[in-house]
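Reading through the structure tokens given below for one structure.
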Amino acid sequence: MDFLAQVLAWYTDPANWSGNNAIPLRLWQHLSLSVASLGAGLAIALPIGLYIGHTGRGARVAVAFSNIGRAVPSLGWLGIAYPISTGLFQRAGIGFLPAFIGLLALAIPPIVTNTYAGLRDVDPELRESARGMGMRELQLLMRVEVPVALTVILAGIRVSAVAVVATAPLAALVGGGTLGSYILQGLELSDEVRVFAAALMVAVLAVLTELAFAWLQRHAVSPGLAAPEGGTAAEASPIPAV
Amino acid sequence: MIEGQPFFQLDWVLDHLDTLAQRIGEHLLVTVIAVVVGFVISFALALLVRRYPRLYPPILAVSGVLYAIPSIALFVLFIPITGLSLLTAEIALVSYTLVILVRNIVTGLRGVPAEVIEAARGMGYTDGQRLWRIELPIALPIIVAGVRIATVTTIGLVTIATLIGMGGLGYLVVNIGVRQRFPTATITGVVIVVLLSTIVDVGLQAFQRRLTPWAKAREA
């Protein structure tokens with residue numbers, strides 16, 4: 001209990017609430033980096049997934065995305081992004097950019113995979129009737145396919161979001177700040193209190209992200225289509241590992 | 001990256017083959033311990049669920065919560081108790097394998113057709129015989145699928161364990177690649193991790209096909 005008291009003291013220590021290593025600053029770095037990476041990831045992955053899922057063209061691309069996403073470890077994305085950002089911009093690749101590129105790469109595969117899988121599982125008869133009613137391709141996609149596949153698509157976004165928030169601490173390795181800074185500082189200084197306090201914040205942040213997206217999933221999906229309790233529809237149609 | 005230094009230096013890789021071999025060895029050792037221990041625990045839990053099905057939801061819930069904790073956090077949360085040790089790393093790694101393995105073993109066992117179990121009973125199999133000779137062989141493809149996912153996941157996670165002093169291929173990525181600004185080491189480390197995952201995945205799949213030749217027809 002003595003240890004937990006120390007952790008509590010760390011949270012309330014005024015020294016941790018001001019300056020360039022303050023909790024609000026680290027939290028802001030963590031959240032802004034996560035939101036930016038996930039946002040950019042969505043902007044890239046959703047169109048790809050929608051195109052592949054709607055047309056059925058390039059299904060191999062979706063499988064490749066899913067396999068790459070599974071095989072490259074989160075640390076690997078950041079590690080690779082680091083020299084790429086230095087190479088691209090010819091400067092010391094320290095800070096926001098390498099972390100952003102790494103997390104972006106991490107965010108893309110689950111969204112592509114699930115969007116594709118969700119659209120692929122839409123009943124062909126639904127498509128047929130929509131076409132019969134005179135819907136154009138874009139209308140069919142936005143009014144029929146996406147609403148029907150929404151649970152699975154959102155599940156993919158949820159996986160990406162949680163992965164990004166949970167991996168963001170590694171950004172500290174490439175100078176991107178975040179709550180991971182405390183973990184690295186703590187490991188360096190053998191300051192177990194700091195490590196533990198930061199890890200706890202990271203864990204809470206990840207759980208909150210998970211809950212937020214679970215809530216979104218429940219409320220965004222049409223009640224007639226919602227998955228039964230637990231919302232594990234995403235697992236109903238896994239793409240086999242090849 | 002240091003100015004003027006090429007992106008990737010093959011010379012470095014060739015000059016450090018023994019280091020690479022050592023890091024691969026460390027990486028695999030930590031991985032194998034985690035998967036084996038995780039499998040033993042999961043198998044025991046699955047047998048418990050087979051006998052007392054009501055235990056399944058709470059077991060899934062607990063392992064699900066463990067799985068949801070970010071790996072970086074889980075790796076360091078136990079440091080105050082177990083220090084910077086292999087044990088600390090394995091606690092985290094084993095925790096992550098549980099949800100995958102328990103679910104696959106239970107799903108596999110539950111997928112055995114009721115008629116088959118009925119027939120085995122009628123032929124006078126005892127409970128233990130039925131488990132080992134009928135249910136497990138039929139469940140094997142799904143169990144091995146779980147082991148494949150758990151192993152590939154663990155290989156990826158072990159790279160992060162380098163932060164708490166476990167060496168492995170993460171050492172190349174972080175301590176040499178990023179901290180000393182030497183991209184060659186990072187790229188080498190990541191490529192080897194991906195190769196290892198792929199080899200292990202394909203190997204386990206081949207192993208499963210050999211053990212269950214009858215399953216081939218259904219898979220295709």
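The values are calculated or read from the model by the stated rules, or taken from the named source; none is laboratory data. A quick note: this is a predicted structure, and the numbers were derived from the prediction, not measured. Glycine also receives a Cβ, built like all others from the backbone with ideal geometry; neighbour counts cover every protein chain displayed.
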Among B:LEU86, B:LEU98, which is the only one that is surrounded by 21 or more Cβ atoms within 10 Å (Cβ to Cβ) and closer than 30 Å to B:VAL190 by Cβ? B:LEU98
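Condition check ((1) more than 22 Å from B:THR154 (Cβ to Cβ); (2) more than 10 Å from every other protein chain (Cβ to nearest Cβ); (3) in contact (Cβ under 8 Å) with a residue 12 or more places away in the chain; (4) buried (at least 18 other Cβ atoms within 10 Å of the Cβ)) across all residues:
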| position | (1), (2), (3), (4) |
| --- | --- |
| B:LEU172 | no, no, yes, yes |
| B:ARG179 | yes, no, no, no |
| B:ILE199 | no, yes, no, no |
| B:ARG210 | yes, yes, no, no |
So A:LEU27 fits all but one of (1) over 29 Å from B:TYR171 (Cα atoms); (2) of a type in the set (A, V, I, L, M); (3) at pLDDT 95 or above; what number is the exception? (1)
Flag if B:LEU157 is among the aliphatic types (A, V, I, L, M) and modelled with pLDDT of 95 or more: no
Which listed residue, of A:GLY102, A:GLY156, A:GLY118, is touching a residue at least 24 places away in the same chain (Cβ under 8 Å), buried (at least 21 other Cβ atoms within 10 Å of the Cβ), over 26 Å from A:LEU75 (Cα atoms) and within 19 Å of the chain's Cα centre (by Cα): A:GLY118
Count of residues meeting criterion [modelled with pLDDT of 85 or more and within 30 Å of B:LEU77 (Cβ to Cβ)] in region B:180-203: 11
Condition check: out of contact with any strand residue (DSSP E or B) (no Cβ under 6 Å at 6 or more places or on another chain), in a helix (DSSP H, G or I) and closer than 30 Å to A:ALA81 by Cβ. Does B:LEU48 satisfy that? no
Give the residues of region B:150-168 that are touching a Gly at 6+ places or on another chain (Cβ under 9 Å), more than 9 Å from chain A (Cβ to nearest Cβ) and either of a type in the set (A, V, I, L, M) or surrounded by fewer than 23 Cβ atoms within 10 Å (Cβ to Cβ) (or both), sorted by residue number. B:ALA150, B:ALA161
Report yes if some residue within region A:52-69 is closer than 25 Å to A:MET142 by Cβ, surrounded by 20 or more Cβ atoms within 10 Å (Cβ to Cβ) and polar (S, T, N, Q); otherwise report no. yes
From (1) at pLDDT 90 or above; (2) small (Gly, Ala, Ser); (3) closer than 27 Å to B:SER71 by Cβ, pick out the condition that doesn't hold for A:GLY76. (1)
Conditions (1) at pLDDT below 95; (2) over 20 Å from A:LEU106 (Cα atoms): number failed by A:ALA198: (1)
Limited to region B:67-90, what total is found for residues that are closer than 22 Å to A:VAL165 by Cα and more than 11 Å from chain A (Cβ to nearest Cβ)? 1
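Suppose we filter A:LEU75, A:LEU4 for residues that are on the phi < 0 side of the Ramachandran plot and either of a type in the set (Val, Ile, Thr) or buried (at least 21 other Cβ atoms within 10 Å of the Cβ) (or both); which single one remains?
A:LEU75
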Pairs, first more than 13 Å from A:GLY56 (Cβ to Cβ) in region A:136-149, second of a type in the set (Asp, Glu) and surrounded by fewer than 16 Cβ atoms within 10 Å (Cβ to Cβ), C-beta under 9 Å, six or more apart: A:VAL148/A:ASP121; A:VAL148/A:ASP123; A:ALA149/A:ASP121
Consider B:ALA119 carefully, then state whether it is without any contact (Cβ under 8 Å) to a residue 12 or more places away in the chain, over 25 Å from A:PHE213 (Cα atoms), of a type in the set (A, V, I, L, M, F, W, C) and more than 11 Å from chain A (Cβ to nearest Cβ). yes
Only one of these conditions is not met by A:ILE80: (1) within 14 Å of another protein chain (Cβ to nearest Cβ); (2) in contact (Cβ under 8 Å) with a residue 60 or more places away in the chain. Which number is it? (2)
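Would you point out which residue out of B:LEU55, B:LEU86 is closer than 30 Å to A:ALA171 by Cα and of a type outside the set (S, T, N, Q)?
Selected residue: B:LEU86, the only one of B:LEU55, B:LEU86 that is closer than 30 Å to A:ALA171 by Cα and of a type outside the set (S, T, N, Q).
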